[in-house]
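S.K.: My questions will all concern the structure given below.
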């Protein structure tokens, strides 16, 4: 084994040698070479438990002579493998050089079928009403590795069903296979042991410790990690079967952490948001509040249509009115960290063509120490990367207030922010004409002379730069609701002479040349887990983030 | 222009007995008379209706069990399997105050079958895990508007009626619950 690379070991799976990374268990090693070892209790981001016994495999090592230490050979000269007499769990076994594993032998197949039969002995035949059906590992592995029939003739056990364990989570203990992933999640990730097993033997149930409930902002992660339908979401309960839902990769807009998400939609309606694994950003977790952002799409405050003064007008008329206002005097542009990188670049072009200054808003709140950072916008660093602002200090909205008071600004173009929340007062807003481009109504949009309705993150494609300066891409999950326009189209219509094609791909061609950090990148080829950009030009700037899961700011 | 690849075959002139037409008329009358004397194969629809064979696939309907409980639990498998996408189910939770709410949990909030799309293939009946959707013997369906041919839940139960259930899965579940832990 002298020629082996230090981080790789050779293991033999089903008679074939594979080079796999060292220091991992056999489930992960087999997965890395495309071999599935079924498992319920093992989760890559939780400690190993070994409770489900589904990942049983046969394991053996080359035999050595006890006295001399010399390899024992078969008659044909090949090393003789000492197979363990009974199967062992793959999740609890680390790879080691020359380890041999059988995943298809009769013993392994019988083990899997027997484990499945035991798990199904008390499992209710609830699949038609179970929300997990279609993404249930018990369902999938029973079909793949089970016997296909039950020999159990006794009555099934009765346990509490549909018991609320928290404000957003229900538990059905009959469906539970006692893998204890949720228990480990509470203990290891939340650091609050809320859930635990009670009673014994076949009556074991998962329940909250007395006086506790599964509250907090990360409770719905137990729904994701539950391999069966025992823990289900109250929000998604009986809403739609998962096999109808289209999955779109997206990015959570809750904060600058940039949690990777999957948006599940059907026929233009979003049903739920779940986290998407990214080992550099959010592992496999996500906040409950981030999951509820899809409700903003058809919120009653949602802006649709275009308005000028008090009357609704068509899009072209509103654009003409906005252009007239922007040309009437010196304009100011208020950008936001909620805008995508492409929109920020387009706004920069627009501001340059009208000769206005750009101000960048800031929305700060408390860091929850896990996946919600201080900066509650997903893309404030994008304003630096796209070149919209040089630094945060010179573009603060307080300076806009001073400029308005001094009478230097006549028109303010606001992108989706409420200027009152940003520290301006109502008197200052009355002094200027406001053009508002955003998704939802707020005090500023009520004051605005021209209102243009934009789209939420679910209705358009683009990219965000998170707190690590990681460029991450999101795709449109649903078409924009009627009466709204893609912000890029609106900005392009306003900057008619400078932006001719407002598609994300075309804007990227220009951004490539314009923004040094993006040179050589293409929108279509941004990988699913993002690209880390070179942040050295902004290393001296002060950022509000103090660190979250998997991110620690330099010097802190 | 493309070259025309055909050959003109001249029609043969009729012989003298062919020009008489009488042998042909007699042959035709022979066939007609023969069929007139046979038992008719057609029905005088709509006065006469055919007997429906077993396993006939008529209009799909929803049925209730002998206790008047709707069998459908809105698992949406019929919606998934339906080849012309005629079925549309909106799942929902049943009234938590209903007597069996704890053991049933789920029922359709709305259930629509668009009979203009339905192709009577019977896949919905085949896939239904609760035996709640059945194709009936009824085949003659008409309406004055397109909307009247989109059957809603009420209409589907009206057409479907009651089909006694041998299993009564939910009753068994309620009994098990009353019995408590089995082992």
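The values are calculated or read from the model by the stated rules, or taken from the named source; none is laboratory data. The structure displayed is predicted, hence computed values, not measured ones. Ideal geometry is used to build each Cβ from the backbone, glycine not excepted, and the neighbour counts take in all protein chains shown.
S.K.: For the stretch B:100-117, what are the residues that are in contact with a helix residue (DSSP H, G or I) (Cβ under 9 Å, 6 or more places away or on another chain), in a loop (DSSP other than H, G, I, E, B) and more than 13 Å from chain A (Cβ to nearest Cβ)?
M.R.: Within the stretch B:100-117, B:115, B:116 qualify.
S.K.: I'm trying to understand the selection: among the residues of the stretch A:155-165, which are part of a loop (DSSP other than H, G, I, E, B) and touching a strand residue (DSSP E or B) at 6+ places or on another chain (Cβ under 8 Å)?
M.R.: Looking only at the stretch A:155-165, we keep the residues that are part of a loop (DSSP other than H, G, I, E, B), and these are A:155-162, A:165.
Selection gives A:159, A:160, A:162, A:165.
S.K.: Next question, about the same structure. Give the residue that is surrounded by the most Cβ atoms within 10 Å (Cβ to Cβ), with candidates limited to residues of the stretch A:407-421 that are under 30 Å from residue A:251 (Cα atoms) and in contact with a strand residue (DSSP E or B) (Cβ under 8 Å, 6 or more places away or on another chain). Let's see the steps before the verdict.
M.R.: Step one: of the stretch A:407-421, the residues under 30 Å from residue A:251 (Cα atoms) are A:412-421.
Now narrow it down to the ones that are in contact with a strand residue (DSSP E or B) (Cβ under 8 Å, 6 or more places away or on another chain): A:412-417, A:419.
On the way: A:412: 30, A:413: 28, A:414: 28, A:415: 24, A:416: 25, A:417: 26, A:419: 27.
Among residues in the stretch A:407-421 that are under 30 Å from residue A:251 (Cα atoms) and in contact with a strand residue (DSSP E or B) (Cβ under 8 Å, 6 or more places away or on another chain), the one surrounded by the most Cβ atoms within 10 Å (Cβ to Cβ) is A:412.
S.K.: Moving on to the next point. Would you check which residues across the stretch B:70-87 are under 21 Å from residue B:164 (Cβ atoms) and either surrounded by fewer than 18 Cβ atoms within 10 Å (Cβ to Cβ) or away from chain A (no Cβ under 14 Å) (or both) and list them?
M.R.: none
S.K.: Output the residues belonging to the stretch A:136-154 that are away from chain B (no Cβ under 14 Å), touching a residue at least 24 places away in the same chain (Cβ under 8 Å) and outside any helix (DSSP H, G or I).
M.R.: We begin by selecting, within the stretch A:136-154, every residue away from chain B (no Cβ under 14 Å); these are A:137-138, A:140-151.
Checking the rest, the ones that are also touching a residue at least 24 places away in the same chain (Cβ under 8 Å) come to A:137-138, A:141-142, A:144-147, A:150-151.
Of everything in the stretch A:136-154, those that are away from chain B (no Cβ under 14 Å), touching a residue at least 24 places away in the same chain (Cβ under 8 Å) and outside any helix (DSSP H, G or I) turn out to be A:146, A:147, A:150, A:151.
S.K.: Any idea which of (1) within 14 Å of chain B (Cβ to nearest Cβ); (2) within 19 Å of residue A:52 (Cβ to Cβ); (3) buried (at least 19 other Cβ atoms within 10 Å of the Cβ); (4) more than 33 Å from the chain's Cα centre (by Cα) is the one residue A:124 doesn't satisfy?
M.R.: The one condition residue A:124 does not meet is (4).
S.K.: Does residue B:178 qualify as being within 14 Å of chain A (Cβ to nearest Cβ), modelled with pLDDT under 95 and assigned to a loop (DSSP other than H, G, I, E, B)?
M.R.: Working: within 14 Å of chain A (Cβ to nearest Cβ): yes; modelled with pLDDT under 95: yes; assigned to a loop (DSSP other than H, G, I, E, B): no.
No, not satisfied.
S.K.: Can you tell which of B:39, B:64 is closer than 30 Å to residue B:137 by Cα and touching a helix residue (DSSP H, G or I) at 6+ places or on another chain (Cβ under 8 Å)? Walk me through it before giving the result.
M.R.: Values: B:39 fails: touching a helix residue (DSSP H, G or I) at 6+ places or on another chain (Cβ under 8 Å).
The match here is B:64.
S.K.: What do you reckon, is residue A:340 in the same structural domain as residue A:446 (by TED's automatic domain parsing) and at pLDDT below 95? If you could, list the steps in order and put the result at the bottom.
M.R.: Working: in the same structural domain as residue A:446 (by TED's automatic domain parsing): yes; at pLDDT below 95: no.
In short, no.
S.K.: Related question: Could you list all residues from the stretch A:222-238 that are crowded, with 20+ Cβ neighbours inside 10 Å and not in a loop (DSSP other than H, G, I, E, B)?
M.R.: The answer is A:222, A:223, A:231, A:232, A:233.
S.K.: Regarding the stretch B:125-146, can at least one residue be identified that is within 14 Å of chain A (Cβ to nearest Cβ), loosely packed, with under 12 Cβ neighbours inside 10 Å and part of a loop (DSSP other than H, G, I, E, B)? Write out each step before concluding.
M.R.: Taking the stretch B:125-146 first, the residues within 14 Å of chain A (Cβ to nearest Cβ) are B:127-133.
Pick out the ones that are also loosely packed, with under 12 Cβ neighbours inside 10 Å and you get none.
Within the stretch B:125-146, none of the residues are within 14 Å of chain A (Cβ to nearest Cβ), loosely packed, with under 12 Cβ neighbours inside 10 Å and part of a loop (DSSP other than H, G, I, E, B).
S.K.: Given the condition within 14 Å of chain B (Cβ to nearest Cβ) and closer than 30 Å to residue A:289 by Cα, answer yes or no: does some residue in the stretch A:180-196 qualify? Spell out the reasoning first.
M.R.: Our first condition is that a residue be within 14 Å of chain B (Cβ to nearest Cβ); within the stretch A:180-196, this holds for none.
Taking every residue of the stretch A:180-196 in turn, none turns out to be within 14 Å of chain B (Cβ to nearest Cβ) and closer than 30 Å to residue A:289 by Cα.
S.K.: Hey, another quick one. So which residues in the stretch A:441-478 are out of contact with any helix residue (DSSP H, G or I) (no Cβ under 9 Å at 6 or more places or on another chain), within 14 Å of residue A:261 (Cα to Cα) and part of a helix (DSSP H, G or I)?
M.R.: none
S.K.: Looking only at the stretch A:239-262, count how many residues are surrounded by 21 or more Cβ atoms within 10 Å (Cβ to Cβ) and within 11 Å of chain B (Cβ to nearest Cβ).
M.R.: Here the count works out to 1.
S.K.: Here is a follow-up. Can we say residue A:102 is touching a residue at least 12 places away in the same chain (Cβ under 8 Å), within 14 Å of chain B (Cβ to nearest Cβ) and either over 26 Å from residue A:245 (Cα atoms) or in contact with a helix residue (DSSP H, G or I) (Cβ under 6 Å, 6 or more places away or on another chain) (or both)?
M.R.: For residue A:102, the condition - touching a residue at least 12 places away in the same chain (Cβ under 8 Å), within 14 Å of chain B (Cβ to nearest Cβ) and either over 26 Å from residue A:245 (Cα atoms) or in contact with a helix residue (DSSP H, G or I) (Cβ under 6 Å, 6 or more places away or on another chain) (or both) - is not met.
S.K.: Further question: For the stretch A:364-380, which residues satisfy the criterion of being touching a residue at least 40 places away in the same chain (Cβ under 8 Å) and either surrounded by fewer than 23 Cβ atoms within 10 Å (Cβ to Cβ) or more than 21 Å from the chain's Cα centre (by Cα) (or both)? Show your work before the answer.
M.R.: Here is the first cut: in the stretch A:364-380, the residues touching a residue at least 40 places away in the same chain (Cβ under 8 Å) are A:364, A:367-380.
Selection gives A:364, A:367, A:368, A:369, A:370, A:374, A:376.
S.K.: With the requirement that a residue be surrounded by 20 or more Cβ atoms within 10 Å (Cβ to Cβ), part of a helix (DSSP H, G or I) and more than 24 Å from the chain's Cα centre (by Cα), what does the stretch A:176-221 give you?
M.R.: Correct list: empty.
S.K.: Out of all the residues in the stretch B:146-168, which are without any contact (Cβ under 8 Å) to a residue 24 or more places away in the chain and over 16 Å from the mean Cα position of the chain (by Cα)? Before the answer, list the steps.
M.R.: First, the residues of the stretch B:146-168 that are without any contact (Cβ under 8 Å) to a residue 24 or more places away in the chain: B:147-148, B:154-155, B:158, B:166-167.
Matches in the stretch B:146-168: B:147, B:148, B:154, B:166, B:167.
S.K.: Go through the stretch A:155-180 and count every residue that is in contact with a helix residue (DSSP H, G or I) (Cβ under 8 Å, 6 or more places away or on another chain) and under 26 Å from residue B:182 (Cβ atoms).
M.R.: The first filter runs over the stretch A:155-180 and keeps only residues in contact with a helix residue (DSSP H, G or I) (Cβ under 8 Å, 6 or more places away or on another chain), leaving A:155-159, A:161-162, A:168-169, A:177.
Next, from what is left, pick out any that are under 26 Å from residue B:182 (Cβ atoms): A:155-159, A:161-162, A:177.
Matching residues across the stretch A:155-180 total 8.
S.K.: So, one more: Tell me the strands (runs of 3 or more DSSP E) entirely within the stretch A:263-332 that contain at least 1 residues that are surrounded by 14 or more Cβ atoms within 10 Å (Cβ to Cβ) and in contact (Cβ under 8 Å) with a residue 12 or more places away in the chain. Please lay out each step first, then the result.
M.R.: Details: elements: A:269-275, A:306-308, A:311-313.
Correct list: A:269-275, A:306-308.
S.K.: Now, a different point. Restricting to the stretch B:88-99, and then to whatever is within 12 Å of chain A (Cβ to nearest Cβ) and part of a loop (DSSP other than H, G, I, E, B), can you tell me which residue is surrounded by the fewest Cβ atoms within 10 Å (Cβ to Cβ)? It would help to see each step written out before you state the result.
M.R.: Here is the first cut: in the stretch B:88-99, the residues within 12 Å of chain A (Cβ to nearest Cβ) are B:88-94, B:96.
Still in the running and part of a loop (DSSP other than H, G, I, E, B): B:94, B:96.
On the way: B:94: 20, B:96: 9.
For the stretch B:88-99, the residue satisfying everything is B:96.
S.K.: Restricting to the stretch A:213-238, what's the tally of residues that are out of contact with any helix residue (DSSP H, G or I) (no Cβ under 9 Å at 6 or more places or on another chain) and within 14 Å of chain B (Cβ to nearest Cβ)?
M.R.: 2
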